[in-house]
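Have a look at the structure below, then the notes.
The values are calculated or read from the model by the stated rules, or taken from the named source; none is laboratory data. Everything numeric here is computed off the predicted structure, so don't read it as measured data. Cβ placement follows ideal geometry from the backbone for every residue including glycine, while neighbour counts extend to all protein chains displayed.
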Amino acid sequence: MSELPKITVSSLDLERLEALLESLPPSSNPEIEGLRSELLRANILDPEEMPPAVVTMHSKVRFVVEDTGKEFELTLCYPRDLDGQPDKVSILAPIGSALLGLAVGQRIEWPLPGGKKAHVRIEKVIYQPERAGDYHR
């Protein structure tokens, strides 16, 4: 995919993610730089203005791998919230930073082992904190 999809990030998520990035030791880690790049290109909205179909931090998302039709559900979380559950993905993982700010119907390339890529489409935002009025996560 040559053009990156448009993304929207809440000002509260932006503030928290910038604090997370500031807390990390200096690094040339491509995942961290990828998240920084995503945040720089994002359209920023107040949490109360966040469209309900956009992936925000702590959102539970259903997506489909277009090549196979297989569906998955993941919750986008901060590294501190990872607890070994397979249905959680860190914002610092390439997949996590790629999901942030996408809306239902948007597609991304998902890196696979061996350098291959899968085409993934957001099917549904099952839970979004902003939609639920939960601004304290």
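Just to be sure before I move on: is SER59 touching a Gly at 6+ places or on another chain (Cβ under 9 Å), under 20 Å from PRO129 (Cα atoms), among the polar types (S, T, N, Q) and surrounded by 16 or more Cβ atoms within 10 Å (Cβ to Cβ) in the structure I sent? Spell out how you get there, then give the answer.
On the way: touching a Gly at 6+ places or on another chain (Cβ under 9 Å): no; under 20 Å from PRO129 (Cα atoms): yes; among the polar types (S, T, N, Q): yes; surrounded by 16 or more Cβ atoms within 10 Å (Cβ to Cβ): yes.
So SER59 does not fit the description; no.
The residue that is surrounded by the fewest Cβ atoms within 10 Å (Cβ to Cβ), counting only those in region 62-73 that are closer than 16 Å to HIS119 by Cβ, without any contact (Cβ under 8 Å) to a residue 60 or more places away in the chain and not hydroxyl-bearing (Ser, Thr, Tyr), is GLY69.
For region 22-46, filtering for residues that are free of Cβ contacts under 8 Å to residues at least 40 places away in the same chain, of a type in the set (Asp, Glu) and either in contact with a Phe, Trp or Tyr (Cβ under 7 Å, 6 or more places away or on another chain) or surrounded by 13 or more Cβ atoms within 10 Å (Cβ to Cβ) (or both) leaves 1.
Against the conditions (1) closer than 23 Å to ASN43 by Cα; (2) modelled with pLDDT of 90 or more; (3) assigned to a helix (DSSP H, G or I), ILE126 satisfies every one except (3).
Take the residues in region 8-21 that are out of contact with any strand residue (DSSP E or B) (no Cβ under 7 Å at 6 or more places or on another chain) and not basic (Lys, Arg), then tell me which one is surrounded by the most Cβ atoms within 10 Å (Cβ to Cβ). Don't jump to the end; show me each part of the working.
Initially, region 8-21 is screened for residues out of contact with any strand residue (DSSP E or B) (no Cβ under 7 Å at 6 or more places or on another chain), giving 12-13, 15-21.
Among the residues that remain, those that are also not basic (Lys, Arg) are: 12-13, 15, 17-21.
Working: LEU12: 21, ASP13: 27, GLU15: 11, LEU17: 23, GLU18: 13, ALA19: 9, LEU20: 17, LEU21: 15.
Selected residue: ASP13.
Exactly one residue out of LEU76, LEU39 is assigned to a helix (DSSP H, G or I) and of a type in the set (A, V, I, L, M): that is LEU39.
Going by what's in this entry, would ASP13 be described as farther than 15 Å from TRP110 by Cα and either part of a loop (DSSP other than H, G, I, E, B) or at pLDDT 95 or above (or both)? Can you show your working first?
Working: farther than 15 Å from TRP110 by Cα: yes; either part of a loop (DSSP other than H, G, I, E, B) or at pLDDT 95 or above (or both): yes.
Here the answer is yes, as ASP13 does meet what is asked.
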